[in-house]
Amino acid sequence: MKLHTINLNINDQVRTVTVRTGDTLLYTIREKLGLTGAKPGCLNGDCGACTINVDGWPMKSCLMMAVEGQGKQIKTIEGLGNTLIQQAFVEHFAFQCGYCTPGFIMNCHSLILKKPDADDSTIKEWLESNICRCTSYIEIETAVKSALEKNKHHSN
Amino acid sequence: MLSFDFDYYRPKTLQEAVGLFQNADRNGKKPMYISGATELLTLGRINLAFTEAAIDLKDIVEGNVMQFEQGYLVIGANLTLTKIEEANLFPLLTNTSSNIADHTARGKITLGGNICGQIFYREAVLPFLLADSQVVIVGPEGVTVKPLNEIFNEQLILKKGEFLIQVATDDRYIHAPFISIKRRQQWETGYPLITVAALKIDGEVRTAFSGLCPFPFRSKKMEAALNNHELSVKARIQSALAEVPSPILNDVEGSSEYRLFVLQNLLEDVLGAFD
Ligand SMILES: Cc1cc2nc3c(=O)[nH]c(=O)nc-3n(C[C@H](O)[C@H](O)[C@H](O)COP(=O)(O)OP(=O)(O)OC[C@H]3O[C@@H](n4cnc5c(N)ncnc54)[C@H](O)[C@@H]3O)c2cc1C
Ligand code: FES
Ligand code: FES
């Protein structure tokens, strides 16, 4: 077995962890670091349930090896603290079973960070990366739009 | 998570990458160059990809460039599709690439990985086939520059130990009128039923396809038919359809008959766009 001990910067903390080269970042953060917010779904890059942020951009953590995470700023849902997008999801009931929610929120969080003036087509393009089996899509759209709007007022 | 273990290398230079490959090959480790690593993870998980030595190219600076040099746009193979789209230096490439997978996945999938991947759609190659781009290849024999259309036959034909580092495109193609259309079985993300990319240069329409056959291609015979102005548009399309290479895909995305039907309509849209 090929084991590597690596440092990962997760949620503004340096975590030392021993991984196999074939371990995905998803597996590592859930099983080795106890951060179970990112959810395993398809494990194939299709569903977005495992979405986290890497250097501010959304990333499907099943498409990334843990060893690739060295030197990156990684954020999981556990690293967000009552952000505008989290409040908006609650206010607009943007979930039912909640399984897809951390992935959607991390994607929306990046969107607000990277594209604060996102128009409808940009919102659609980004959010198409995630699937909600309970079809809360309308509520999710409402939540992200309201968070983008509030963010504009906050930053002005 | 993969069931097999491998050595993981992050070379900083072209020479180091080739050396690592040769060394691993001598030791029977079935080395693999990777850049985005998504195909290694997704196909490796179901035992369709395997290596005992993964050589990750993403730290090699030559593979991360995106700039105009002496009339050519040079794009590094390590760049993610999202980075290329954000810069939007080659609008036809942006248009075609931004329909591959989904926005988040494109933040990990690289240009080199898409063009050289086992998954046969390789849609990002279409604009470069149309633009007669040059590819910069690195291998045991050093660095070579070759016309893409000479070494792309269904896939990029690389010798053992070679990898793609850059694609260079003549500026005049960058600004040529273009259209790119992706038709899927359903939804707005994922693999194509058919993708067509087209551009018009020197009064002639060029077309390249993915999803129609089990490989992406540009066909000079189809283009000759589409540019035969002695025929009506309908007749040009019919003669182009007769030149589609075989086999035409017949799978869960759509039957070959349905694909030909969709292709006919796509060709009408393409010719209509340039009228
Ligand atoms: C969710 C999802 C959706 C997808 N949808 C589409 C789609 O709509 N259209 C489409 O065309 N594709 C699609 N793909 C396929 C994807 O583009 C390919 O699997 C691609 O290979 C991934 O790129 P990568 O950089 O992660 O490759 P890697 O996993 O790094 O490498 C893939 C292969 O390419 C080789 N390689 C990588 N870089 C180089 C290089 N520089 N030189 C030589 N060889 C190299 C590797 O040896 C390996 O065999 C999708 C993939 C996913 C995960
Ligand atoms: S589990 Fe990663 S995209 Fe589905
Ligand atoms: S709320 Fe159940 S999958 Fe989205």
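The values are calculated or read from the model by the stated rules, or taken from the named source; none is laboratory data. As the structure is a prediction and not an experimental result, all values here were calculated from the model. Glycine also receives a Cβ, built like all others from the backbone with ideal geometry; neighbour counts cover every protein chain displayed.
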Checked A:Thr51, A:Thr76 against criteria (more than 10 Å from chain B (Cβ to nearest Cβ) and within 16 Å of A:Asn130 (Cβ to Cβ)); the one match is A:Thr76
A:Asp55 passes all but one of the listed conditions (1) touching a Lys or Arg at 6+ places or on another chain (Cβ under 6 Å); (2) within 16 Å of ligand 3 (Cβ to nearest atom); (3) free of Cβ contacts under 8 Å to residues at least 24 places away in the same chain; the exception is number (2)
When you check A:Leu63 against the structure, is it away from ligand 1 (no atom under 16 Å from the Cβ), in contact with a Gly (Cβ under 6 Å, 6 or more places away or on another chain), under 28 Å from A:Val19 (Cβ atoms) and at pLDDT 95 or above, yes or no? no
Flagged pairs (Cβ under 8 angstrom, 6 or more apart or on separate chains; first in region A:25-48, more than 10 Å from chain B (Cβ to nearest Cβ); second part of a helix (DSSP H, G or I) and surrounded by fewer than 18 Cβ atoms within 10 Å (Cβ to Cβ)) are A:Leu35/A:Glu78; A:Gly37/A:Glu78
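So, in region A:115-156, exactly how many residues are part of a loop (DSSP other than H, G, I, E, B) and either within 16 Å of the chain's Cα centre (by Cα) or within 11 Å of chain B (Cβ to nearest Cβ) (or both)?
Counting residues in region A:115-156 that are part of a loop (DSSP other than H, G, I, E, B) and either within 16 Å of the chain's Cα centre (by Cα) or within 11 Å of chain B (Cβ to nearest Cβ) (or both) gives 6.
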Within region A:1-49, the count of residues that are in contact with a Gly (Cβ under 6 Å, 6 or more places away or on another chain) and at pLDDT below 95 comes to 0
Restricting attention to region B:21-41, the residues that are over 18 Å from the mean Cα position of the chain (by Cα), crowded, with 20+ Cβ neighbours inside 10 Å and outside any strand (DSSP E or B) number exactly 4
Those strands (runs of 3 or more DSSP E) completely within region A:1-114 that have 1 or more residues that are of a type in the set (Val, Ile, Thr), away from ligand 2 (no atom under 16 Å from the Cβ) and surrounded by 15 or more Cβ atoms within 10 Å (Cβ to Cβ) are A:3-10, A:13-20
For region B:53-73, the count of residues that are over 20 Å from the mean Cα position of the chain (by Cα) and either aromatic (Phe, Trp, Tyr) or more than 9 Å from chain A (Cβ to nearest Cβ) (or both) equals 9
Of (1) closer than 24 Å to A:Ile131 by Cα; (2) of a type outside the set (A, V, I, L, M); (3) modelled with pLDDT of 95 or more, A:Glu68 satisfies every one except (1)
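Among the listed residues B:Leu40, B:Leu20, which satisfies the condition of being more than 14 Å from chain A (Cβ to nearest Cβ) and touching a strand residue (DSSP E or B) at 6+ places or on another chain (Cβ under 9 Å)?
B:Leu20 is the lone residue from the list that is more than 14 Å from chain A (Cβ to nearest Cβ) and touching a strand residue (DSSP E or B) at 6+ places or on another chain (Cβ under 9 Å).
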Practice problem: With the condition kept exactly as written, say whether any residue in region B:198-209 is surrounded by fewer than 24 Cβ atoms within 10 Å (Cβ to Cβ) and over 20 Å from B:Pro177 (Cα atoms). | Solution: no
Residues of region B:232-275 being of a type in the set (D, E, K, R) and touching a residue at least 24 places away in the same chain (Cβ under 8 Å), in sequence order, are B:Arg236, B:Glu243, B:Glu253, B:Arg259, B:Glu268, B:Asp269
Restricted to region A:90-107 and to residues being under 13 Å from the mean Cα position of the chain (by Cα) and within 13 Å of ligand 3 (Cβ to nearest atom), the residue nearest to the other protein chains (Cβ to nearest Cβ) is A:Asn107
